[in-house]
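Working notes for the structure below.
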């Protein structure tokens with residue numbers, strides 16, 4: 001996703017016309033839940049994919065049609081993918097889908113930068129009636145919205161919904177019905193990228209646990225590798241410092257605190273945490289900076305083996321990502337699933 005968004009951003013900066021498509025509704029395609037883009041510029045270059053290429057035969061002609069026509073305009077397509085076609089493409093089953101095709105210049109440019117840099121972002125687009133001709137709204141955490149749906153009432157309602165989706169930390173796509181017409185609200189929340197400073201059995205277990213969760217992980221043995229991994233992870237970074245080296249451990253934490261990483265944790269006893277904090281203060285960090293570090297790292301699950309420690313760490317990362325308090329579900333009253341938010 002972020003590579004596709006970066007390409008679209010570059011095309012737009014170069015002054016090219018660009019159209020993009022995404023799936024807005026589907027039935028079937030079990031196991032495939034990733035939010036994706038397929039984009040095309042006026043020179044015929046393509047980037048991205050939708051449903052493993054199974055809807056390209058209807059999406060690409062529509063993209064080219066939008067680019068050949070006047071500026072503005074949205075088109076919604078319906079298509080069906082048969083079982084054998086889906087299986088041949090690597091999907092578990094076929095299904096039906098609706099594809100939304102839209103000019104990229106009708107969307108605030110902040111969307112493409114946020115996606116390219118792996119920041120959580122919400123995109124809201126009117127998909128039918130007059131509201132479909134009035135552009136899109138983009139919402140980033142802690143910032144005023146960009147763009148407009150053409151109605152102050154719709155803008156306010158969708159901005160409030162977007163804030164809830166962003167705090168929930170889970171990617172989603174839903175159609176919200178407003179007084180001005182239906183609005184597609186898409187929350188793009190990248191999966192965590194684990195950046196592990198230090199090796200060993202726990203690092204190996206973290207890589208395995210990340211794989212089980214559908215996350216990605218990189219283990220860095222020194223600061224050069226660590227800096228490269230931080231850059232790779234971007235704002236989706238969850239930094240896990242395992243190293244007890246008196247230089248590498250604090251230096252990696254210092255670098256993480258200067259990055260966009262959403263989670264930073266350090267393994268070690270309370271004494272180790274105190275020693276690291278002293279060194280970080282000497283490096284010029286404030287108490288607020290140091291308080292951002294989760295240490296001792298992980299949830300208190302009682303595990304001792306590397307695999308159990310990795311589970312406790314990833315559980316804490318997930319809780320931070322989704323904004324949830326890590327408590328027993330039996331002791332809560334709310335739904336055990338993220339509630340569907342209505343406009």
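Once the Cβ-Cβ distance of residue 42 and residue 191 is raised to the sixth power relative to R0 = 30 Å, the FRET efficiency obtained is 0.40. For the chain, the spread of Cα coordinates along the three principal axes comes to 65, 47, 45 Å, biggest extent given first. Entry note, the stretch 12-148: relative contact order of 24 percent, from Cα contacts under 8 Å with a spacing of 6+ residues.
Kirkwood radius, the stretch 2-188, all distinct C-alpha pairs, inverse of mean reciprocal distance: 16.7 Å.
Pick out which of 204, 88, 117 has the largest mean-square fluctuation in a Gaussian network model of the chain, springs linking Cα atoms closer than 10 Å. Maximum fluctuation in the GNM of the chain, among the listed residues, is at 88.
Within the listed set 17, 64, 26, the residue fluctuating most in the Gaussian network model of the chain (springs between alpha-carbon atoms under 10 angstrom) is 26. A compact globular protein would have a Cα radius of gyration near 2.2 N^0.38 Å; the ratio found for the stretch 116-173 is 1.10. So what does the Cα-only Debye profile of the stretch 55-136 read at q = 0.10, 0.18, 0.24, 0.26 Å⁻¹, as log10 I(q)/I(0), no solvent term? After summing over all Cα pairs, the log10 values are -0.33, -0.92, -1.10, -1.15.
Put the Cα centre of the stretch 212-274 next to the Cα centre of the stretch 1-64 and the gap is 33 Å. Measuring r between the beta carbons of residue 14 and residue 84 and using R0 = 30 Å, the FRET efficiency lands at 0.15.
Computed extension length for residue 65-residue 156: 29.5 nm, one decimal, from 0.36 nm per residue of separation with the Cα-Cα distance subtracted.
A viscosity of 0.692 mPa s and a temperature of 37 °C, combined with the Kirkwood radius over Cα pairs in Stokes-Einstein, give a translational diffusion coefficient for the stretch 193-322 of 230 µm²/s. If the segment from residue 258 to residue 170 were pulled out straight at 0.36 nm per residue, it would be longer than the present Cα-Cα gap by 29.2 nm. Available extension along the chain between residue 325 and residue 282 is 12.2 nm, counting 0.36 nm per residue and deducting the alpha carbon span. A helix-only calculation puts the chain at -11000 deg cm²/dmol for mean residue ellipticity at 222 nm, using -39500 (n - 2.57) for each DSSP H run of at least four residues, averaged over all residues. Among beta bridges identified by DSSP and lying wholly in the chain, the antiparallel ones come to about 75 percent. From the Kirkwood radius over Cα pairs of the stretch 161-245, Stokes-Einstein at 20 °C and 1.002 mPa s returns a whole-number translational diffusion coefficient of 145 µm²/s. Note on residue 301 and residue 216: the model spin-label points, each 7 Å out from Cα along the C-beta direction, lie 2.4 nm apart.
Read-outs throughout are calculated quantities, based only on the coordinates presented, and are distinct from any laboratory measurement. Since the model is a prediction, treat every value here as computed from it, not as a measurement. So basically every Cβ, Gly included, is an ideal-geometry build from the backbone, and we count neighbours across all protein chains shown.
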